[in-house]
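Okay, structure first, notes after.
The values are calculated or read from the model by the stated rules, or taken from the named source; none is laboratory data. These figures come from a predicted structure and were not determined experimentally. Because the Cβ atoms are built from the backbone with ideal geometry, glycine has one as well, and the counts that use them run over all protein chains shown.
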Protein chains: 2
Amino acid sequence: MRTYLECIPCIIDQTIKVAQQVTQDEGKREDLLQKVLVVLSNISYRQTPPYLGKEAHRVIRKVLDNHDPFLKLKREFNQVVKKLYPSLKEKVNSSSDQFSCAVKLAIAGNIIDFAPGHHFELMKTIDRVLAKKPAIDDTESLEKDLKKASLILYLGDNAGETFFDKILIEHMPHGEIYYAVRGSPVINDATSEDAYFAGLDQVAKVISNGSDAPGTILEDCSEEFKNIFKRADLVIAKGHGNYETLNEVKEKRLYFLLMVKCKIIARDLGCSVGDFVVKKMGK
Amino acid sequence: MRTYLECIPCIIDQTIKVAQQVTQDEGKREDLLQKVLVVLSNISYRQTPPYLGKEAHRVIRKVLDNHDPFLKLKREFNQVVKKLYPSLKEKVNSSSDQFSCAVKLAIAGNIIDFAPGHHFELMKTIDRVLAKKPAIDDTESLEKDLKKASLILYLGDNAGETFFDKILIEHMPHGEIYYAVRGSPVINDATSEDAYFAGLDQVAKVISNGSDAPGTILEDCSEEFKNIFKRADLVIAKGHGNYETLNEVKEKRLYFLLMVKCKIIARDLGCSVGDFVVKKMGK
């Protein structure tokens, strides 16, 4: 998906939040913002939003001289969700349709997203999501396709959300499952550390995609990742970033699981902000 | 008032709205936005927001090759308020406290502001403003000071809002009154054309401030304007832009009349977004 003009203030809002979180020095904050403005003034908006995000966050990390400015935040999210994990599992186990409940829960976990700047109201979101039907609901088809798939690739999104992904994977048929994370830190996206912290290695093979984009830009990814992506019978892609970078890949059996967090994605999917979606592509 | 980081996405939002209004060409919109990003990446945020706005809108007009991209919008506002004018006058004339009602109405007129992107709900705002007390209310002091003042300078804000200003001026004691407008078009700010359209020349001397900033940057203004500003016994400044550029001028008897439209101004004034304010400075 291309970058729309309205994505620019969103990336800038996000930059300001980063700046305010990581330094009290007003001059440094201004410098950070202005360097990101330079990036955004000099890049083609035909690229995807995560491509712009990748370039912006490279600059942010450089200006801050900090390889992982969100490390503390990610660890906090991990701790918060770790504590919730037993009760989340219990919600699924006591449900009359465990798979469908696990799918919904995995989408609810997508609220853990520092990027679009939404208030982090996890338990409220979980209850809201579990109570209603997805606006686009290919859950049945997903369950059917999973049963037929030998090689499954699951693309993670944020740290902490990893625990929700683990629950869904535990309720998936036992094929060969890969759980992919970003190759290096970008925003609060899950990296290997977060996947291992959630114990995803107990239920899947954890792999890095080799890229520092907050999405899955295939040409940026490692050969190992691209090979698995190519071979996979089914790909589950979580969140905005993965959708924005893969929604034009029509040749794969791709399923997008996400919470709709902005008007651009809502328009693209034909639904509303706040909706949640289980969407099969390339039907 | 300096520019805060949060002002930047606001200026960018405004640029996007302009771009979407004035051209259907996506490439031109992108070009416009990117050129504004260059301006904002290369300017000191110690300057006021209207200083940044001035530079941004110079670029916008240049890219569009259009001296006055908001001309149509300003004329629409002028026509809308012209029709309301008799009923607005009647509201004031039938009020038990005509001066106070005229002040409130002049603030309500400040909602006509394309810039911060608020929905233009004029009659609703008028009724809301007339029904409640200003959050900061120096109306009594203003009325008293106006009676003592020989030379009064009234700084206008937006086209259309001019009609509301006219009503207030009609209810002011008869000193020598100057009504100042921007020196040339910027956003939907009132210029001479708008002042004459509202008939402000019947109740005041209409003067241009000689500047294309969406506020009153004194060093940018003409000698004629600066001279009147210096000599004035009382200055009434309408709207955000005039507040942001003059709130640090403490030596004058300045009164700010405005609707609080963003968090930055709300924080600065110690009130809430949506509040309206009659504030005497340099007490």
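Identify all residues within the range B:105-134 that are part of a loop (DSSP other than H, G, I, E, B) and at pLDDT below 75; write none if there are none.
Of everything in the range B:105-134, those that are part of a loop (DSSP other than H, G, I, E, B) and at pLDDT below 75 turn out to be B:Ile112, B:Asp113, B:Phe114, B:Ala115, B:Pro116, B:Gly117, B:His118, B:His119, B:Phe120, B:Glu121.
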Inset, instruction - Go through the range A:243-271 and give me each residue that's in contact with a His (Cβ under 7 Å, 6 or more places away or on another chain) and basic (Lys, Arg). - result: A:Lys261
Legend entry - Given (1) buried (at least 21 other Cβ atoms within 10 Å of the Cβ); (2) more than 9 Å from every other protein chain (Cβ to nearest Cβ); (3) of a type in the set (Val, Ile, Thr), index of the condition B:Val59 fails: (1)
Inset, instruction - Check whether at least one residue in the range B:174-192 is buried (at least 22 other Cβ atoms within 10 Å of the Cβ) and in a helix (DSSP H, G or I), and report yes or no. - result: no
Legend entry - Of the criteria (1) touching a helix residue (DSSP H, G or I) at 6+ places or on another chain (Cβ under 6 Å); (2) modelled with pLDDT under 95, which one B:Ala198 fails: (2)
Legend entry - B:Glu224, sole failed condition from (1) farther than 26 Å from B:Leu84 by Cα; (2) in contact (Cβ under 8 Å) with a residue 24 or more places away in the chain: (2)
Legend entry - Single condition A:Lys83 does not satisfy, out of (1) away from chain B (no Cβ under 14 Å); (2) within 30 Å of A:Lys280 (Cα to Cα); (3) in a helix (DSSP H, G or I): (2)
Legend entry - Residue check for B:Ser141: out of contact with any strand residue (DSSP E or B) (no Cβ under 9 Å at 6 or more places or on another chain) and at pLDDT 90 or above: no
Legend entry - Test result for A:Arg2, under 26 Å from A:Arg267 (Cβ atoms) and either touching a strand residue (DSSP E or B) at 6+ places or on another chain (Cβ under 6 Å) or among the basic types (Lys, Arg) (or both): yes
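I need a count of the residues in the range B:13-45 that are among the small types (Gly, Ala, Ser) and in contact with a helix residue (DSSP H, G or I) (Cβ under 6 Å, 6 or more places away or on another chain).
Qualifying residue count for the region: 2.
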Inset, instruction - Could you tell me which of the residues A:Leu64, A:Leu40, A:Leu52 is of a type in the set (A, V, I, L, M) and farther than 21 Å from A:Lys261 by Cβ? - result: A:Leu64
Legend entry - Looking only at the range B:1-43, and only at residues there that are more than 8 Å from every other protein chain (Cβ to nearest Cβ) and hydroxyl-bearing (Ser, Thr, Tyr), the one that is nearest to A:Asn42 (Cα to Cα): B:Thr15
Legend entry - Matching option when the condition is within 14 Å of chain B (Cβ to nearest Cβ), within 26 Å of A:Lys261 (Cβ to Cβ) and among the basic types (Lys, Arg), among A:Arg46, A:Arg75: A:Arg46
Legend entry - Matching residues in the range B:220-256 - criterion: being over 27 Å from B:His171 (Cβ atoms) and modelled with pLDDT under 95: B:Glu248, B:Lys250, B:Glu251
Legend entry - Qualifying residue in the range A:45-55 (condition: part of a loop (DSSP other than H, G, I, E, B) and touching an Asp or Glu at 6+ places or on another chain (Cβ under 6 Å)): yes
Inset, instruction - Enumerate the pairs (first residue in the range B:232-257 and closer than 15 Å to B:Arg2 by Cβ; second residue anywhere and of a type in the set (S, T, N, Q)) with beta-carbon separation below 6 Å, excluding pairs fewer than 6 apart on the same chain, so at least 6 apart or on different chains. - result: B:Glu244/B:Thr48; B:Thr245/B:Thr48; B:Thr245/B:Thr216; B:Leu246/B:Thr216
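Tell me the residue from A:Val186, A:Val203, A:Val181, A:Val249 that is within 25 Å of A:Lys83 (Cα to Cα) and over 14 Å from the mean Cα position of the chain (by Cα), please. Can you show your working first?
Details: A:Val186 fails: over 14 Å from the mean Cα position of the chain (by Cα); A:Val181 fails: over 14 Å from the mean Cα position of the chain (by Cα); A:Val249 fails: within 25 Å of A:Lys83 (Cα to Cα).
That would be A:Val203, the only listed residue that is within 25 Å of A:Lys83 (Cα to Cα) and over 14 Å from the mean Cα position of the chain (by Cα).
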Legend entry - the range A:171-186: number of residues that are touching a residue at least 24 places away in the same chain (Cβ under 8 Å) and over 19 Å from A:Ile112 (Cβ atoms): 9
Legend entry - A:Asp65, sole failed condition from (1) surrounded by 21 or more Cβ atoms within 10 Å (Cβ to Cβ); (2) closer than 29 Å to A:Ser211 by Cβ: (1)
Inset, instruction - Sort out which residues of the range A:158-173 are aliphatic (A, V, I, L, M) and buried (at least 22 other Cβ atoms within 10 Å of the Cβ), and write them in order of number. - result: A:Ala159, A:Ile167, A:Leu168, A:Met172
